Each structure stands twice: as C-alpha cells, then as structure tokens.
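Engineer: Quick one: the structure is below, and I'll ask about it shortly.
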Amino acid sequence: MNFDFPLILVLASAITGIIWLLDALFLRKGRGQDVKEPVVVEYAKAFFPVIFIVLLLRSFVAEPFRIPSGSMMPTLLVGDFILVNKFAYGLRLPVLNKKVLELGEPQRGDVVVFRYPDDPKVDYIKRVVGLPGDKVVYRGKILYINGVAMPQSDLGSYVGVGSGVSSSGSALREEDLQGIKHQILVRGNSGGVEGELVIPPDHYFMMGDNRDNSKDSRYFGPVSEDNLVGKAFVIWMNWDSVAGGVDWKRLGQSIH
C-alpha cells in the first residue's frame, strides 16, 4: 500500500494547528486558570511544531529515499538511503506539486528522483542523459547525443555484493556525458532496448546506470518537468540484509 505521506503531513499540520489556534483565540478565555487544558489541546500544542517543521524540511529542503532495486548500479546500490535536494529544480507546493519559484533546471548527468509517468504515486530514480530538444539514440550499448557518441572506457568486470551479486560479470565502464563522468554496467549478451527520440520541450530522457537492468525512458518515454521531485546528492545510510547489514564505507558518499 502506498501512503501519501505529504498529504498526511499537511492534514496533520492543519488539524493540530487549527486546534491550537482555536484554543488560543476562544477556548482558553472560557477556562479558569486552575482548569487543566483538554488532552487534545495538549497534544496539538506538542505535535504541531514538530509536524510543521518536518513538513517544511521535507517539502522545500531535503527528502529521504531508499533505493529498492539495482537499476542505478554501480552508482547506487540496493539498500542505499539517500537525500534528495528539493529546491534544486524550483520550489513546489506539497501535495499539489505546483512550482512556485524557479531556481534551476536539470543538467545532463544529474541523478534525479521523479514520479513514474504511468503511476505518479511511485517514485523512480535515474540519470538525466537527454535535455529538451536533444536527439537521443541508444544503439549497440552506446549512447549518442545529437549525433555524438558518449565515450566509454572499459574498467573490467564488475563484482557485485549482497543484493547486487546477480550483476557480477557485467562489463564495468566509465561513460563521459559531455564532461560528466560516471560508471555504468552493460551485459554483452543482452539485447536491451534500442532506438532514437527527439526530446520534447520541458521533458528529460532518463536512463539507469545499470543499462541492461533498468526500466527507464527507453520504456516509458521522456519525463515531464512536472514529474520531477529533486536531485539526489548524498548517501546517508546503507542497509542490505543480504550483504550482512550496514556498509559503513558508503555513508556520506556524494552522488554524481
């Protein structure tokens, strides 16, 4: 079951705030000084500041996410807990997701959380490879942007651990996205999805770094700017029970 956590926070903030306000404006005056506050008022006064601060931080500063799959390996592993910058691409109202302040736009190479176009209740994380107006071609494990192949360097064979052990044996490569270097995984014996597309205005072409194990824009098309959630920037925890628990080496790693 998917819970609409932003909506829950907004409703909880509104309910506790209204109770506190009504008590301060009307109810308190009718009580004697020796009369104890109703329990509901006590709880509202205690929880409103906490809930409201969490709502502000989560909506406008940073939001935590957990990586559930290996589609962004080797950059992100199963069990990574990450923080996403919520103001990198503009401030949006919680629940409504309406942008109220322009602050920036996605750049090629950014690792971005967005709402899955076919089900906006589900969050995906991929890398921006195509910007509005770009012609993106993926063929023979090579990405082409506006007719230019993005260079790849062979780094050998990948050795996976924990939940990512099934990706062991994939070719580990470094891809250069016009100056943004990052590692990718490809499997030589896997056909994968190929094709070409010109990216429409206000849309972005997303791909997973685990190229042959990623459901991305090759399947569901470019992602609208309206679906963007924020830019991933740091790993603050990693917990993979298959790998034996916490991987302390990943804590605090920046995402690029």
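The values are calculated or read from the model by the stated rules, or taken from the named source; none is laboratory data. Remember, predicted model here, so these are calculated numbers, not experimental data. We place every Cβ from the backbone using ideal geometry, glycine too, and count neighbours over all the protein chains shown.
Engineer: Taking the stretch 68-95 as the search range and keeping residues that are touching a helix residue (DSSP H, G or I) at 6+ places or on another chain (Cβ under 9 Å) and of a type in the set (Val, Ile, Thr), which one is surrounded by the fewest Cβ atoms within 10 Å (Cβ to Cβ)?
Structural biologist: Val95
Engineer: Are any residues in the stretch 13-43 at pLDDT below 95 and of a type in the set (Gly, Ala, Ser), and if so, which ones?
Structural biologist: Ala24, Gly30, Gly32 - these are the residues of the stretch 13-43 that are at pLDDT below 95 and of a type in the set (Gly, Ala, Ser).
Engineer: For Val242, only one of the following conditions fails: (1) among the hydrophobic types (A, V, I, L, M, F, W, C); (2) surrounded by 14 or more Cβ atoms within 10 Å (Cβ to Cβ); (3) in contact with a Ser or Thr (Cβ under 9 Å, 6 or more places away or on another chain). What is its number?
Structural biologist: (2) is the only condition that Val242 fails.
Engineer: Within the stretch 29-84, track down each residue that is in a strand (DSSP E or B), basic (Lys, Arg) and either within 17 Å of Ile15 (Cβ to Cβ) or in contact with a Gly (Cβ under 7 Å, 6 or more places away or on another chain) (or both). If you could, list the steps in order and put the result at the bottom.
Structural biologist: First, the residues of the stretch 29-84 that are in a strand (DSSP E or B): 62-66, 80-84.
Subset that is basic (Lys, Arg): 66.
Correct list: empty.
Engineer: Can you find, within the stretch 22-67, the residue that is farthest from Gly230 (Cα to Cα) among those that are surrounded by 12 or more Cβ atoms within 10 Å (Cβ to Cβ) and among the basic types (Lys, Arg)?
Structural biologist: Per the criteria, the residue is Arg31.
Engineer: Could you tell me how many of the residues in the stretch 92-133 are of a type in the set (A, V, I, L, M, F, W, C), under 15 Å from the mean Cα position of the chain (by Cα) and assigned to a strand (DSSP E or B)?
Structural biologist: Qualifying residue count, the stretch 92-133: 6.
Engineer: Moving on. Exactly one of these conditions fails for Asn146: (1) among the polar types (S, T, N, Q); (2) surrounded by fewer than 14 Cβ atoms within 10 Å (Cβ to Cβ); (3) touching a residue at least 40 places away in the same chain (Cβ under 8 Å). Give me its number.
Structural biologist: The number of the failed condition is (3).
Engineer: Oh, and also: Looking at the stretch 96-116, is at least one residue loosely packed, with under 12 Cβ neighbours inside 10 Å and in contact (Cβ under 8 Å) with a residue 24 or more places away in the chain?
Structural biologist: No - not one qualifying residue is present in the stretch 96-116.
Engineer: Identify all residues within the stretch 180-218 that are more than 17 Å from Met150 (Cα to Cα), modelled with pLDDT of 95 or more and loosely packed, with under 14 Cβ neighbours inside 10 Å; write none if there are none.
Structural biologist: Within the stretch 180-218, Pro200, Pro201, Asp202 qualify.
Engineer: Out of Arg218, Arg173, report the one residue that is assigned to a helix (DSSP H, G or I) and charged (D, E, K, R).
Structural biologist: Working: Arg173 fails: assigned to a helix (DSSP H, G or I).
Result of the check over Arg218, Arg173: Arg218.
Engineer: Here's a follow-up. Asn97 is checked against (1) more than 26 Å from Met237 (Cβ to Cβ); (2) outside the structural domain of Gly195 (by TED's automatic domain parsing); (3) not small (Gly, Ala, Ser) and fails just one. What number does that condition carry?
Structural biologist: (2) is the only condition that Asn97 fails.
Engineer: Evaluate the following for Pro120: is it touching a residue at least 40 places away in the same chain (Cβ under 8 Å), of a type outside the set (Phe, Trp, Tyr), surrounded by fewer than 19 Cβ atoms within 10 Å (Cβ to Cβ) and over 20 Å from Leu56 (Cα atoms)? Give the derivation first.
Structural biologist: Values: touching a residue at least 40 places away in the same chain (Cβ under 8 Å): yes; of a type outside the set (Phe, Trp, Tyr): yes; surrounded by fewer than 19 Cβ atoms within 10 Å (Cβ to Cβ): yes; over 20 Å from Leu56 (Cα atoms): yes.
Here the answer is yes, as Pro120 does meet what is asked.
Engineer: Right, next: So which of Val193, Val159 ends up being of a type in the set (A, V, I, L, M), under 27 Å from Pro132 (Cβ atoms), part of a loop (DSSP other than H, G, I, E, B) and in the same structural domain as Phe114 (by TED's automatic domain parsing)? Even if it seems obvious, please write down each step before you answer.
Structural biologist: Numbers: Val159 fails: under 27 Å from Pro132 (Cβ atoms).
Within the list Val193, Val159, the selection yields Val193.
Engineer: Could you identify the single residue in Tyr116, Tyr144, Tyr124 that is more than 22 Å from Pro64 (Cα to Cα) and of a type in the set (Phe, Trp, Tyr)?
Structural biologist: Details: Tyr116 fails: more than 22 Å from Pro64 (Cα to Cα); Tyr124 fails: more than 22 Å from Pro64 (Cα to Cα).
Just one listed residue meets the conditions, Tyr144.
Engineer: Suppose the filter is under 17 Å from Asp216 (Cα atoms) and among the small types (Gly, Ala, Ser); does Gly109 pass it?
Structural biologist: Details: under 17 Å from Asp216 (Cα atoms): yes; among the small types (Gly, Ala, Ser): yes.
Taking the combined requirement at face value, the residue satisfies it.
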